[in-house]
Structure formats: structure tokens, C-alpha cells
1. Looking at the stretch 2-19, which of the residues that are open to solvent by 100 Å² or more (accessible area, probe 1.4 Å) and either more than 14 Å from the chain's Cα centre (by Cα) or within 23 Å of Pro48 (Cβ to Cβ) (or both) is modelled with the lowest pLDDT?
2. Regarding the stretch 72-84, can at least one residue be identified that is in a helix (DSSP H, G or I) and out of contact with any Gly (no Cβ under 6 Å at 6 or more places or on another chain)?
3. Would you check if there is a residue in the stretch 46-68 being of a type outside the set (Phe, Trp, Tyr), without any contact (Cβ under 8 Å) to a residue 12 or more places away in the chain, on the phi < 0 side of the Ramachandran plot and assigned to a strand (DSSP E or B)?
4. Go through (1) loosely packed, with under 10 Cβ neighbours inside 10 Å; (2) farther than 18 Å from Phe10 by Cα and name the single condition Asp23 misses.
5. Failed condition for Leu80, given (1) hydrophobic (A, V, I, L, M, F, W, C); (2) open to solvent by 100 Å² or more (accessible area, probe 1.4 Å); (3) in contact with a helix residue (DSSP H, G or I) (Cβ under 6 Å, 6 or more places away or on another chain), with all others met?
6. Across the stretch 29-43, which residue is farthest from Val16 (Cα to Cα) among those that are among the β-branched types (Val, Ile, Thr) and open to solvent by less than 50 Å² (accessible area, probe 1.4 Å)?
7. Quick check on my filter: what residues within the stretch 5-45 are aromatic (Phe, Trp, Tyr) and in a helix (DSSP H, G or I)?
Amino acid sequence: MSISRLTDAFQDQFDVAFIFSADSDLVGPIRVVRRLFSVKRIIVIFPPGHSSYALKQAANGFLHIGRVELSKSLFPEKVLKEGVIIRRPSRWR
């Protein structure tokens, strides 16, 4: 949860935020949103092979996404943007 999610909370831009991360640095911002906006829900989605006990405790809920599900949401191998070919990193295949 970056500063932009804090801004979104103050501007009432979401009811439920889904945070895709296992970075425990996000515990502080999540706690702030939950303390100031008790009706807003924060759900943390952990990438394959990662988790954070602190994030689990800070959020309203959490789930783990598997490699198969994650692979279904990847960009294509190549994306053409303004005449430039952008290639997906090999480690994302």
C-alpha cells in the first residue's frame, strides 16, 4: 500500500483495497487506513512463495495466489508501444 492508497482512502475512492505484496513495510500504511477508516477493508494477496505474518495481522484478510493463476494475468511476450517493442523478462515466463 503506497501513499497513493492512503490518498485514495482520504478521497473515499475505495471500499476494499487489494494489495498484491508480501512487503512488511506496508504494515504501517495499512494500520493507518484501518485506524482512520474502520469501514474500509484491506486484503493482502501474497505472490507465490511469499508471505508476511505482520501483513496478515495488519490487514482485514489475506490470500495466496498460485503460479498458475498468476501466469494467466501476465502480459504477452512482446508489447508494441509507440514503435518500441517491450519484452517480458524471461524470469516471468
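The values are calculated or read from the model by the stated rules, or taken from the named source; none is laboratory data. Bear in mind the structure is a predicted one, so any value in this text is a computation, not a measurement. Reconstructed Cβ throughout: ideal geometry from the backbone, glycine too, with neighbour counts over all protein chains shown. The protein model used for the area step is the full one, side chains on, heavy atoms only, and it has no ligands, DNA or RNA in it. Shrake-Rupley method; radii C 1.70, N 1.55, O 1.52, S 1.80 Å.
1. Taking the candidates together, the pick is Phe10.
2. The answer is no, given that none of the residues of the stretch 72-84 is in a helix (DSSP H, G or I) and out of contact with any Gly (no Cβ under 6 Å at 6 or more places or on another chain).
3. Taking every residue of the stretch 46-68 in turn, none turns out to be of a type outside the set (Phe, Trp, Tyr), without any contact (Cβ under 8 Å) to a residue 12 or more places away in the chain, on the phi < 0 side of the Ramachandran plot and assigned to a strand (DSSP E or B).
4. (1)
5. For Leu80, the failing item is (3).
6. Result: Val32.
7. Answer for the stretch 5-45, where residues must be aromatic (Phe, Trp, Tyr) and in a helix (DSSP H, G or I): just Phe10.
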